[in-house]
Amino acid sequence: MIDTKRYLLIYTDVISVLGAKNMLLMDTSRKNIYSLPCSYFSLIEDFRKKTIEVIKETYSESETTAFINFIIENDLGELTDSLHEFPKISSNFYSTEKINNSIIEIHKDSDINSLKKIIQQLDDLDCRFIEIRSYSIMNLALIFELFENFKCNSLRGITLLLQYEDCSDFTKKLKSLMFKFPIITKIYIHSSIENKIVKDEELFTNIGTRIIIFTTQKIHSNKCCGIINEKSLVIRDIYGTSENINFNSCLYKKISIDVNGEIKNCPSMSKSYGNIKSNSLKEITANTSFKKYWNINKDQINICQDCEFRYICTDCRAYTERTHINKQGLDISKPLKCGYDPYTGKWEEWSKNPLKAKAIKAYENN
Amino acid sequence: MIFIFSSKDDFTTNKVCDWLRYYEHQYIRLNKETQNVRIEEFDLGNDLIILNIEGYKINIKDITAVWFRRGGLSDVLSEWNDPIHIPKNLGIIQNILSHKIKNEINQLALFIQFKIENGKNIGSYFNKGLNKLKMLDLAKNEGFKIPDTFIVSKLDELESILSKNEVVTKAISDGLYEFTDDTAYYTYTEEINNSTLDTFSDSFTPSLLQSKIQKKIEIRSFYLVDRFYSMAIFSQKNKKTSTDYRKYDSEIPNRMIPYELPSNIEDMLIRIYEKVGLNTGSADIIVDEENNFYFLEINPVGQFTMTSTPCNYYLEKEVALELIRIKNETTKGKDPKIKKE
Amino acid sequence: MKQPKVKTLKLKKNNLPLFLNFILYNEIDSVDESVYSYPSKRVNGREYYVNNDKHISTIINYDIKFDD
């Protein structure tokens, strides 16, 4: 029997996000999400202030009890005598690095010295993560050379995205690459003959989760980026969630260098702010216009602002439905490659949506 | 200049340093593993003590804010650069001399440590080993509830306590925490009951016993210059962590969320901190089912990242800002630049 | 990370302080620290390698099944 003079404490690291049709409970500590009809939103708000007894005056007995059981069974809360000692968790976000992450496109003829210079400059900007991509077959020797004698000060992990190569010792070479350069924490291999994940117990267990992921997906150019589906949604801890609440979840503190050395927010975007041949990354980063999308959070984006997934979504400013521009001239339309409709609560294949046909055509002609 | 005592693998210090860099304040971080520290000049009459730390000449007069996290000068100066050669024909007195020399250097190191901290510090080398019993006694006198606390050294005394109380035991000083090349050894707070008595002799080394509190939640409260940043740890539901929450369950981590201590509890803690001359620390408190607050202990070199991260408190930023505030107060804006020789 | 197997040290009857009758231990894999960290001049301390908790890009379609 529940003592109705008590409160249901829904742990404050469990954050509720209201969407048009559904709402999301985000357990930022356990990294779980729970989809609920949006009618529960006000019930949860009430539980954050009122006793169970008072809540039962507004909501039905069975509904209230069922919800309390749901919260307790999933360890999202517990019964308590008072709530005031559990203040709301702050969603402020602060970070010290000038650049947090970067995407670098390479191909077999990339100039090794120029690449070395880019990585050095990123490290100097306190950059933590880099994704190095190639859409065609690379000579792995170039990657070995790229990291040889490289002493970093800020980087925490590098991800490689490479094309599958049909030779018997390909996996072995990739493993030796990771073994020699522990800063490479993950390798993705596209255009593979099979989908598989390689973990080498002997080499990688001590380090955590260094893995090589083979996918049959063919990634022929940066036009493949921007996919938003149920699997691409990632719940982050309270720090990461706060970043997504306040800033653009893709472009904030990101800098990208495309295959031609053009310096951009993202390789898939057409606007270039300079070229690595004549500009330093530091100088581009100081340019306010370069940072204009950093503050566009999901609350400002059309349709997404009504979506319950907005703080676990990666967003995409490269491919959008091209329907809305804000006062500053920034594209605030919904990402093109998202098939979710927050008004119906349904996922569908985005490329088959007739309303998106015009925008899809625009990008195809580019 | 801001001066930090730490160790090379301390991630919390990295974060504080990042914030100092962000606010563009120079700092020197002296890790306890550092080999390269020498005394360049020492002339007390002229107030001149110059250290050489990894090539940087530091006049300790120019140190205007200090954070003591770990280590300290006595760690780095005892590992003196040049090995000391004691003449070999001294026989039995040889060991005595080597001990004597260590003490010489240590006294010197402690004095310089004292001069460096000199009231402009957060945390202090001289407070790193607080006496657990003294702290419990202080807390009790300030009005805190404390668990019933006994020292026993005889099995029959222990049995008679066990017949009336559920008890736990822990070290009077610090628990064991030792790493050899291939094995880690450690102790936590452990429950004692009739089934754990087998290995105890009839009499044993004096040991600390405390009554087990039926806890509702555990609280970790970081204190930094008049402000508390508290966290509730819901460790009771989990069997693994119900006696000692550090027995971390990585599969189902304990829920840890921001908490606000009642103001009378904060006032008691402030008085305790003032009495032992601390301006920072992390207090461990238990709240029982009847909402009584039990004081357990204070860790003077607070492990605050474990509080900061789940609660989104940015305590590393707060520590950096406090160091900058102390520095500005000490220098009134004029701070000499650090130059490598 | 692989969780180490924690064991309790078995002791004969002794007169040690009681807490030392409960020594836990586990083997530690002797890993060179360069495998998980490196010295960083930025902060004059060790910086640790980690996996990012966010997708830097979404060029990989995560909606595929792996036979793991």
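Any read-out appearing in this document is the output of simple, stated calculations on the displayed coordinates, not a laboratory observation. What you see is a predicted model; the values in this text were computed from it and never measured. Please note: Cβ atoms are built from the backbone with ideal geometry, for glycine as well, and neighbour counts cover all protein chains shown.
Things worth noting here:
- The simple Förster model, with R0 at 51 Å and r as the Cβ-Cβ distance, assigns B:Ala184 and A:Ser39 a FRET efficiency of 0.50.
- Along region A:46-56 the Karplus relation, 6.51 cos²θ - 1.76 cosθ + 1.60 evaluated at θ = phi - 60°, assigns HN-Hα couplings of 5, 4, 6, 10, 10, 6, 4, 3, 5, 5, 5 Hz to successive residues, with x for each Gly and Pro.
- Three-way shape call for region B:1-77 based on the alpha-carbon gyration tensor, with the a/c threshold at 1.5: oblate
- Each residue of region B:199-205 is assigned a 3J(HN,Hα), and the resulting list reads 8, 7, 6, 4, 10, 8, 4 Hz, derived from the Karplus form 6.51 cos²θ - 1.76 cosθ + 1.60 (θ = phi - 60°), x at Gly and Pro.
- Panel note: the C-alpha atoms of region B:148-212, placed on their principal axes, show extents of 42, 23, 20 Å (largest first).
- Convex hull volume of the Cα atoms of region A:108-163, normalised per residue: 72 Å³.
- Förster-model FRET efficiency, 35 Å R0, A:Lys292 and A:Gln120, C-beta, rounded to 0.05: 0.85
- Taking label positions 7 Å along the Cα-Cβ direction at both B:Asn36 and C:Ser34, the computed distance is 1.9 nm, reported to one decimal.
- Here the peptides B:41-50, A:283-292, B:132-141 are ranked by packing, the mean other Cβ count within 10 Å, and the order with the highest first is B:132-141, A:283-292, B:41-50.
- Separation of the B:Asp226 and B:His85 label points, Cα + 7 Å toward Cβ, nm: 5.8 nm
- Share, in percent, of DSSP beta bridges within chain A that are antiparallel, nearest 5: 50 percent
- Packing-based ranking of B:6-15, B:85-94, A:142-151, A:68-77 yields B:6-15, A:68-77, A:142-151, B:85-94, ordered from highest to lowest mean Cβ neighbour count within 10 Å.
- For chain B: relative contact order, % (alpha-carbon pairs under 8 angstrom, 6 or more apart): 20 percent
- What the Cα convex hull of region C:28-68 gives, in volume per residue, is 148 Å³.
- In this simple spin-label approximation, B:Asn193 and B:Glu54 carry label points 7 Å from Cα along the Cα→Cβ vector, and these lie 5.1 nm apart.
- Label-reachable residues, region A:259-295, where backbone N falls under 18 Å from a point 7 Å from A:Lys327's Cα toward its Cβ: A:292-295
- Rounded to whole numbers, the Karplus 3J(HN,Hα) couplings from phi for region B:286-301 are 10, 10, 8, 4, 8, 6, 7, 9, 9, 7, 9, 6, 10, 9, x, 10 Hz, using 6.51 cos²θ - 1.76 cosθ + 1.60 with θ = phi - 60°, and x at Gly and Pro.
- Considering only Cα atoms, the convex hull volume of region A:283-366 works out to 112 Å³ per residue.
- Cα-based Rg and Dmax for the protein assembly as shown, where Dmax is the largest Cα-Cα distance (Å): 29.4, 97
- For region B:110-165 versus region B:255-311, the spacing of their alpha-carbon centroids is 15 Å.
- Each Lys and Arg Cβ is given +1 and each Asp and Glu Cβ -1; about its Cα centre, the protein assembly as shown then shows a dipole of about 2040 debye.
- Beta bridges by DSSP in the protein assembly as shown, antiparallel share as percent, to the nearest 5: 70 percent
- Note on chain A: Cα-Cα pairs beyond 25 Å make up 62% of the total pair count.
- When restricted to Cα atoms, chain B yields an Rg and a Dmax of 22.9, 70 Å, respectively.
- Built amide H within the under 5 Å cut-off of A:Asn32, gap 5+: A:Asp27
- Under a Gaussian network description of chain A, with springs only between Cα atoms under 10 Å, the residue in A:Lys50, A:Lys334, A:Lys298 that fluctuates furthest is A:Lys50.
- Shown for B:Val66, B:Val37, B:Val276: other C-beta atoms within 10 Å of each C-beta, ranked fewest to most, produce the order B:Val276, B:Val37, B:Val66.
- Each of A:Cys38, A:Cys225, A:Cys338 was scored by other Cβ atoms within 10 Å of its Cβ. Arranged with the fewest first, they read A:Cys38, A:Cys225, A:Cys338.
- The mean number of Cβ atoms from other chains found within 10 Å of a Cβ in peptide A:232-245 is 3, as a whole number.
- Proximity of backbone amide H atoms, modeled 1.01 Å from N, is registered between C:Gly45 and C:Ser40 at under 5 Å, excluding neighbours fewer than 5 places apart on the same chain.
- A Förster distance of 25 Å, applied to the separation of the beta-carbon atoms of A:Lys358 and A:Lys223, puts the FRET efficiency at 0.90.
- Helical content of the protein assembly as shown, expressed as a calculated mean residue ellipticity at 222 nm, amounts to -7000 deg cm²/dmol (DSSP H runs of 4 or more residues, -39,500 (n - 2.57) each, divided by residue number, nearest 500).
- Restricting region A:217-268 to GluC sites (Glu not before Pro) in coil, as DSSP defines it, with at most 16 other Cβ within 10 Å: A:Glu230
- Less than 5 angstrom separates the built amide H of B:Ile28 from those of B:Ile2, B:Phe3, B:Ile4, all sequence-distant by 5 or more or on a different chain.
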